Amino acid sequence: MEFRRRTLIVWGLLITLSLLVAACGTAPTPAPAAPAEQEAAAQPAAEEPAAEEPAAEEAAAVEEPAEEAAPASGKLEVFSWWTSGGEAAALDALFKSFNDSNPDVEIVNATVAGGGGSAARAVLQTRLAGGDPPDTWQVHPGFELIGQYVEPEFVAPVTDLYKEEGWLDVVPQTLVDMQSVDNDVYLVTVGVHRGNGFWYNKKLLEENGITVNETMSVDEFFEIAETLKAAGVTPLCVGDSGIWANAELFENTLLGVLGPEGYQGLWDGSVAFDSPEVKQAMEVYGRMLTYINDDHSALSWDQAVKALIEGRCAFNSMGDWAYGEFVNAGLEDNVDFGWVSHPGTDGSFMIVADGFVLANGAPNEEATKDWLRTVGSKEAQEAFNPLKGSICARTDCDRAKFGPYHNWSMDSFSADALVPTVVHGAAAPADFQQALNDAVTIFVVDQDVEAFAVALTQASQMSGIAP
Ligand code: GAL
């Protein structure tokens, strides 16, 4: 409960700050000046006679290399759910980066298929409960990290790594806060996805005489959807064999209808799930469902992206791991596919961050720390994120190494209201996340707004979100 209160406060501050930033009209890309200063400070002051205390520190700093441990060796088990074409290619880039500096460590790639971690998290919990942790695993910050792994003490703090590697100077405070408890950091973030993406098959739309503007309102989408439907084209691609993908369509619609402040209110208890605005979002969501592909429940999220690529449907509301599928298929930004924010969500950035943890009692702790050093490094993030669709968790990545989509997303991250995802574990506890998936499963079939509102209101009360 204490953690829940704390987390809600952090999210409250987060959105307030980001709204202030947006309101001021600034687009701050934190300058990497601090690390440079730090480097300068670390240089022995050759020309100036050193004062007594710094001299002692310098002596210690000089001794350090002599104590350097032998390179890590043995096996390193990395657990994740990155199995789609784009996800696997990006993960492979991380592995290559790691093995460049750790050639003697054999990576055991422990993946459990199922987008969003829908199957992986249960497998992981069984292993953790049985005292058989992988060395490191994929985690979302916020409730998922703290509630499922920090509080039960399945993970160890990595604060020392942050200090040694100078990450506190290059990782936005927003992210550090989402992965800290009592001044200790527990996660090394590798990338930040934008959850409220709305992707489209550019050629298919062109063939149907449709031009998409830079932003899209809910009404504009419905107008386009009608045109497409009349031409025999399925407007919206959904692959909800893992129901989270349909919950994502709802989450994005909630953000679009309520706006960032209203959406945030859902998680601090100030906006009720049976309020008129939420019911209106449910109506809009229900209307969107009338435009989806018939085979949605047979497809996974990435198969839905494939359907879009093949022109079997036109739009897909999905986090920008969808971008990884486009890139993996050899497609080009703004040529083969395009994007806007999910209808009505322009000006907001739904944060879905990915990171890795250090298991408490990791079988190979030394190699795990080296793995985390890789995950947090500029080089690895610059190799991984262009393939994954996410932007770097660090602010000093070289923009020139990223294409049009990533640069657009980086601008959005600096300027827009940052809001937490519930579907990917940040905004609410796991029991609410589960209840949401269950309620969506039913709503997709019966489209009963009243029942949907009751289910979510009850779930929010039971999980301690609502008073
Ligand atoms: C999210 C994760 C992304 C992506 C997506 C689909 O939970 O943060 O990195 O993998 O699931 O599997």
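The values are calculated or read from the model by the stated rules, or taken from the named source; none is laboratory data. Treat the numbers as computed from the prediction; the structure is a model and nothing was measured. No Cβ is skipped: glycine too gets one built from the backbone with ideal geometry, and neighbour counts run over all protein chains shown.
When you check Pro235 against the structure, is it closer than 30 Å to Gln461 by Cβ, in the same structural domain as Ala439 (by TED's automatic domain parsing) and modelled with pLDDT of 95 or more, yes or no? It is false that Pro235 is closer than 30 Å to Gln461 by Cβ, in the same structural domain as Ala439 (by TED's automatic domain parsing) and modelled with pLDDT of 95 or more.
Of the residues Ala383, Ala353, the single one that is in contact with a helix residue (DSSP H, G or I) (Cβ under 8 Å, 6 or more places away or on another chain), modelled with pLDDT of 95 or more and within 14 Å of the ligand (Cβ to nearest atom) is Ala353. Within the stretch 278-310, the set of residues being farther than 18 Å from Gly256 by Cα, assigned to a helix (DSSP H, G or I) and polar (S, T, N, Q) comprises Ser297, Gln303. Among the residues of the stretch 325-333, some residue qualifies, meaning at least one is among the charged types (D, E, K, R), closer than 25 Å to Lys229 by Cβ and either in contact (Cβ under 8 Å) with a residue 24 or more places away in the chain or not assigned by TED's automatic domain parsing to the domain that holds Phe250 (or both).
Conditions (1) part of a helix (DSSP H, G or I); (2) within 15 Å of Val375 (Cα to Cα); (3) free of Cβ contacts under 8 Å to residues at least 60 places away in the same chain; (4) away from the ligand (no atom under 16 Å from the Cβ), marked per residue:
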position: Leu168; (1), (2), (3), (4): yes, yes, yes, yes
position: Gly191; (1), (2), (3), (4): no, yes, no, no
position: Trp199; (1), (2), (3), (4): no, no, no, no
position: Lys203; (1), (2), (3), (4): yes, no, no, yes
position: Glu206; (1), (2), (3), (4): yes, no, yes, yes
position: Thr211; (1), (2), (3), (4): no, no, yes, yes
position: Met216; (1), (2), (3), (4): no, no, no, yes
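Filtered by the rule that a residue be touching a residue at least 24 places away in the same chain (Cβ under 8 Å) and under 21 Å from the mean Cα position of the chain (by Cα), the stretch 260-301 gives Pro260, Glu261, Tyr263, Gln264, Leu266, Trp267, Asp268, Ser300, Trp301. Across the stretch 371-386, the number of residues qualifying as crowded, with 22+ Cβ neighbours inside 10 Å and part of a helix (DSSP H, G or I) comes to 9. Among the residues here, Ala362 qualifies as touching a residue at least 40 places away in the same chain (Cβ under 8 Å), surrounded by 18 or more Cβ atoms within 10 Å (Cβ to Cβ) and touching a helix residue (DSSP H, G or I) at 6+ places or on another chain (Cβ under 7 Å). Which of the following residues is more than 16 Å from the ligand (Cβ to nearest atom), surrounded by fewer than 18 Cβ atoms within 10 Å (Cβ to Cβ) and under 20 Å from Gly232 (Cβ atoms): Asp336, Asp268, Asp295? Sole residue among the options that is more than 16 Å from the ligand (Cβ to nearest atom), surrounded by fewer than 18 Cβ atoms within 10 Å (Cβ to Cβ) and under 20 Å from Gly232 (Cβ atoms): Asp295. Among the residues making up the stretch 441-462, those that are surrounded by fewer than 16 Cβ atoms within 10 Å (Cβ to Cβ) and more than 22 Å from Asp240 (Cα to Cα) are Glu450, Val454, Gln458, Gln461, Met462. Scan the stretch 403-431 for residues that are in a helix (DSSP H, G or I), within 16 Å of the ligand (Cβ to nearest atom) and out of contact with any Lys or Arg (no Cβ under 7 Å at 6 or more places or on another chain) and the total you get is 4. Does Phe315 satisfy being surrounded by 19 or more Cβ atoms within 10 Å (Cβ to Cβ) and over 22 Å from the mean Cα position of the chain (by Cα)? The answer is no for Phe315.
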